[in-house]
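Here's the structure, in structure tokens; my notes come after.
We did not get these values from a lab; they are worked out from the coordinates using the rules stated. No experiment lies behind these values; they were computed from the predicted model shown. Cβ placement follows ideal geometry from the backbone for every residue including glycine, while neighbour counts extend to all protein chains displayed.
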Amino acid sequence: MARKVLHYFAGGNTGKGFAHYLDSSLQGLDRVFILNGRTGKSYIMEKLAEAWKQKGYDLELIHCPSAPDSLDGLMIPGLKTGVVDGNAPYAIEPKTNDSVMILEDALDAKYEKEVLQLNRRIQEAERLQTQS
């Protein structure tokens, strides 16, 4: 079991727009995996966090400010490794040792139509929620 799991936000909406401090969360890491794509990033990070937690590593979980149950990042300090959402609003630029993974490239074509429909429904629900 993990000795310590730290939960925090690395960004938020302010009166001057979105402010983020994700870069400071990545300091001290030797390797960062940047996930780009429309869907699945938080789920992948949750599954990775579960696996590394079971191995007994301390974790840092960065939550999404607009959907606190979703993850924008996972840091494993003991491995000097992190996994982050590279999409806006963060738009992380890869450094020398970073790896960028584009999830659409891995998305099975038979599910793509369903995933796109669900994404449209989610976006519509969010739009309606902000209008209320």
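Observations on the model:
- Calculated from backbone phi, Karplus (6.51, -1.76, 1.60) coupling profile of the range 33-42 in Hz, x at Gly/Pro: 9, 9, 9, 10, x, 7, 8, x, 5, 4
- Take each peptide in 4-16, 61-73, 40-52, count the other Cβ atoms within 10 Å of every residue, and average; sorted highest first, the result is 61-73, 40-52, 4-16.
- Summarising the amide proton neighbourhood of GLY86: residues at separation of 5 or more, or on other chains, whose placed amide H is nearer than 5 Å comprise LEU35, ASN36.
- 14 Å cut-off, amide nitrogen to a point 7 angstrom out along GLN27 Cα→Cβ, residues in the range 60-86: none
- Of the cross-linked pairs LYS16/LYS47; LYS55/LYS80; LYS4/LYS80, those separated by over 26 Å at the C-alpha level are LYS16/LYS47.
- A simple rule links phi to the HN-Hα coupling: the Karplus curve 6.51 cos²θ - 1.76 cosθ + 1.60 with θ = phi - 60°, which for the range 4-16 gives 8, 10, 9, 10, 7, 10, 10, x, x, 7, 10, x, 10 Hz, with x for Gly and Pro.
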